[in-house]
Amino acid sequence: MSVGAPFGGHNDGEVSVGLRIVAAGCLASICFLMLTDVADGQVSDLGPFRDDDGHPGEPYLDWLAEHGIVHGCNPPANTRICPDRVLSRIEAVKILVGVARLAGSHPPYPSIPLDYFVDDDPIWGGAASALANLLARAGVISGCDPPVNRHVCPLEPLQRGQIAKMLVNTLVMTAPDSFRSPWTDTADRFYHRVARIAAYHGLWDSSTGLFGGTTPVSRAEFARLVVTALGLDPCPSDPFTEARAQSLSVRYPDQTFAAYVYDTRSGCAYWMNPGERLRTASVFKVMVMAGTLLEARSDGRAITSWELSQLRPMITRSANEPVRALWRRYGGSPWYARQARIFELTQTTTVGDDGAAWGRTTTSAKDQGDLVRQVILGDWGPLERADREIAWDLMTSVVPDQTWGITRGVPENWTVGQKNGFAGGVANSVGYVARPDRQGGYVIAILTNGWPSWERGVRVVDEISAWVAAVMAAP
């Protein structure tokens, strides 16, 4: 096949020879950011970007940044990467050429005399044109205005089918003829062949059999696809498959679910229904505990016996009165909202400062995971080690009849620190699951709303926890 010629010769059909060399070198040394653990079994570096911390795309975006392939989305500071922004054609071109450059196998710019496209010259001071010409010469892209194909539509958002074609052709990927496509929606589509190859290499979740070729692709998703295609995926398998999420919605059409997991050993994160904002019920008390510890820290003192007498029943028995008692002690409104700002819970809308029921606060599973990372792990945030030790002691001392949820599926010799939320139609469970040697573990938040009674939701929270434990606590 001539398609991949500028990027190296052929191998056994997975990727080009040049890219295989890069992959081997990366596994041996370059990928230290993702593959090296610190002493306590946690990945401590939050990476170069501030807006992808704990995002499922973080390790992949950081890998691309570490290798000079992406540089952020807010120049010149480039402290943000805009992980959820839909990928444009020229952004995909830049990343793919950058990956080929690592192999040292693309032709130098001067050897490409022909300017294939007329609409990419103004972008990036002309650099976009050179990049597009490289992939055009390789036969990876051919323009967006057939049959003339003098336009590349550089800012046009890319869809899954287009991305599959670009990836497969750039990396010269193949699949055995015996491999049967899992997709039921690609017949007669231009991406039918490449979608089958992508499935063989595990680039997309095929659990439902739906490829979704017109689905937009985000910057974070594309980063994952590239790293996975190179055989360098550092992450365990995703516990929240599309089939599992679909099963929940079919079995419980009147309920709403969200979940988030962060694996401290790999630095990988996973989520289900990240856009949902659900009521907290008593998982709200983790923020109240954090705020109380911070009040003492800010005053330059140890936590008082009275404060501890409020925190212990609030966390271990889910007593409600301490929530309001602590609020009053620290001045009342807007104490709840202030804690949410301090701990950067940007997807949380606090309720209660006006006297309303604080349990009606809404949040995302990711926000709850980020809060646990601050309160228990100290990955960032204002709390210090002594504060986190108090929080861990309380969250590992929950009374037995409130230890459902994130404990399910966890091996007996692992330790779980948790706080559940249960009231009305809400059944939630959040916390941290620690390995026996304390060398890492995983943060987990499961939120479910809309039950006739919270007791009805416990079984499903347990089910979701078991999915996660089967992956994160695997031998």
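Of all residues in the stretch 135-157, count the ones that are of a type in the set (A, V, I, L, M, F, W, C), within 18 Å of Ala100 (Cβ to Cβ) and in a loop (DSSP other than H, G, I, E, B). Please lay out each step first, then the result.
First, the residues of the stretch 135-157 that are of a type in the set (A, V, I, L, M, F, W, C): 135-136, 138, 140-141, 144, 148, 152-153, 155.
In the following step, the residues that additionally are within 18 Å of Ala100 (Cβ to Cβ) were identified as 135-136, 138, 140-141, 152.
Going one step further and asking which of them are in a loop (DSSP other than H, G, I, E, B), we end up with 138, 140-141, 152.
Going through the stretch 135-157 one residue at a time, the tally reaches 4.
Residues in the stretch 426-448 that are in a loop (DSSP other than H, G, I, E, B) and touching a residue at least 40 places away in the same chain (Cβ under 8 Å): Arg435, Asp437, Arg438, Gln439, Gly440.
A single entry from Pro274, Pro313 fulfils the requirement of being assigned by TED's automatic domain parsing to the domain that holds Trp335, touching a residue at least 60 places away in the same chain (Cβ under 8 Å) and surrounded by fewer than 23 Cβ atoms within 10 Å (Cβ to Cβ): Pro274. Evaluating Ser247 against the criteria (1) among the polar types (S, T, N, Q); (2) more than 19 Å from the chain's Cα centre (by Cα); (3) not in a helix (DSSP H, G or I) leaves one unmet condition, (3).
For the stretch 449-469: of the residues being part of a helix (DSSP H, G or I), more than 18 Å from Glu276 (Cβ to Cβ) and of a type in the set (Gly, Ala, Ser), which is nearest to the chain's Cα centre (by Cα)? Among those that are part of a helix (DSSP H, G or I), more than 18 Å from Glu276 (Cβ to Cβ) and of a type in the set (Gly, Ala, Ser), it is Ala469. Among the residues of the stretch 175-185, none qualifies, meaning not one is closer than 21 Å to Glu91 by Cβ, in the same structural domain as Ala223 (by TED's automatic domain parsing), assigned to a loop (DSSP other than H, G, I, E, B) and touching a helix residue (DSSP H, G or I) at 6+ places or on another chain (Cβ under 7 Å).
Listed by first and then second residue, the pairs linking a residue in the stretch 243-266 that is in contact (Cβ under 8 Å) with a residue 60 or more places away in the chain and closer than 19 Å to Gln374 by Cβ to a residue that is of a type in the set (Gly, Ala, Ser) and part of a loop (DSSP other than H, G, I, E, B), with Cβ atoms under 6 Å apart and 6 or more places separating them unless they lie on different chains, are Tyr262/Gly54; Thr264/Gly440; Arg265/Gly41; Arg265/Gly440.
Yes/no matrix, rows are residues, columns are (1) under 15 Å from the mean Cα position of the chain (by Cα); (2) not in a loop (DSSP other than H, G, I, E, B):
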| residue | (1), (2) |
| --- | --- |
| Ser237 | yes, no |
| Phe240 | yes, no |
| Ala259 | yes, yes |
| Tyr262 | yes, yes |
| Ser266 | yes, no |
| Ala269 | yes, yes |
| Val283 | no, yes |
| Ala290 | no, yes |
| Glu295 | no, yes |
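Within the stretch 323-345, residues that are polar (S, T, N, Q) reach partners that are crowded, with 20+ Cβ neighbours inside 10 Å and assigned to a loop (DSSP other than H, G, I, E, B) with beta carbons closer than 9 Å, at six or more positions or on different chains, in the pairs Ser333/Gly352; Gln339/Leu345; Gln339/Thr350. Residues that are closer than 26 Å to Arg189 by Cβ and among the hydroxyl-bearing types (Ser, Thr, Tyr) do occur in the stretch 222-240, at least one of them.
Remark: pairs (first residue in the stretch 165-182, more than 13 Å from Val99 (Cβ to Cβ); second residue surrounded by 18 or more Cβ atoms within 10 Å (Cβ to Cβ) and of a type in the set (Phe, Trp, Tyr); Cβ separation under 6 Å; 6+ apart in sequence or on different chains) = Lys165/Tyr191; Ala175/Tyr200; Phe179/Tyr200.
Only one residue in Arg85, Arg150, Arg160, Arg89 is within 19 Å of Val217 (Cα to Cα) and touching a Gly at 6+ places or on another chain (Cβ under 8 Å). Which one?
Working: Arg85 fails: touching a Gly at 6+ places or on another chain (Cβ under 8 Å); Arg150 fails: within 19 Å of Val217 (Cα to Cα); Arg89 fails: touching a Gly at 6+ places or on another chain (Cβ under 8 Å).
That would be Arg160, the only listed residue that is within 19 Å of Val217 (Cα to Cα) and touching a Gly at 6+ places or on another chain (Cβ under 8 Å).
Within the stretch 352-369, the set of residues being crowded, with 19+ Cβ neighbours inside 10 Å and either of a type in the set (A, V, I, L, M) or out of contact with any Ser or Thr (no Cβ under 9 Å at 6 or more places or on another chain) (or both) comprises Ala365, Lys366, Gly369.
Where helices (runs of 4 or more DSSP H) sit wholly within the stretch 21-129, those with at least 2 residues that are surrounded by 15 or more Cβ atoms within 10 Å (Cβ to Cβ) and at pLDDT 95 or above occupy 58-66, 89-103.
Restricting to the stretch 239-259, count the residues that are touching a helix residue (DSSP H, G or I) at 6+ places or on another chain (Cβ under 8 Å) and either closer than 21 Å to Gly409 by Cα or surrounded by 18 or more Cβ atoms within 10 Å (Cβ to Cβ) (or both). Quick ask: steps written out before the conclusion?
Start the filter on the stretch 239-259 by keeping residues that are touching a helix residue (DSSP H, G or I) at 6+ places or on another chain (Cβ under 8 Å), which leaves 239-240, 244, 248, 252, 255, 257-259.
Retained after the next criterion (residues that are either closer than 21 Å to Gly409 by Cα or surrounded by 18 or more Cβ atoms within 10 Å (Cβ to Cβ) (or both)): 239-240, 244, 248, 255, 257-259.
Looking only at that region, the number is 8.
Selection of the stretch 370-421 for residues being charged (D, E, K, R) and either assigned to a helix (DSSP H, G or I) or touching a residue at least 12 places away in the same chain (Cβ under 8 Å) (or both) yields Asp370, Arg373, Asp379, Glu384, Arg385, Asp387, Arg388, Glu389, Asp393, Asp401, Arg408, Lys419. Within the stretch 330-348, the residues that satisfy the criterion of being crowded, with 18+ Cβ neighbours inside 10 Å and aromatic (Phe, Trp, Tyr) are Trp335, Tyr336, Phe343.
It is to be established whether one or more residues within the stretch 345-362 are of a type in the set (Lys, Arg) and part of a helix (DSSP H, G or I). Let's see the steps before the verdict.
Within the stretch 345-362, the first condition is being of a type in the set (Lys, Arg), and the residues that meet it are 360.
With the extra rule that they be part of a helix (DSSP H, G or I), the set shrinks to 360.
The answer is yes; a qualifying residue exists.
The values are calculated or read from the model by the stated rules, or taken from the named source; none is laboratory data. Values in this document were obtained by computation on a predicted structure and should not be read as measured data. Heads up, the Cβs are rebuilt from the backbone with ideal geometry, glycines too, and the neighbour counts pull from every protein chain shown.
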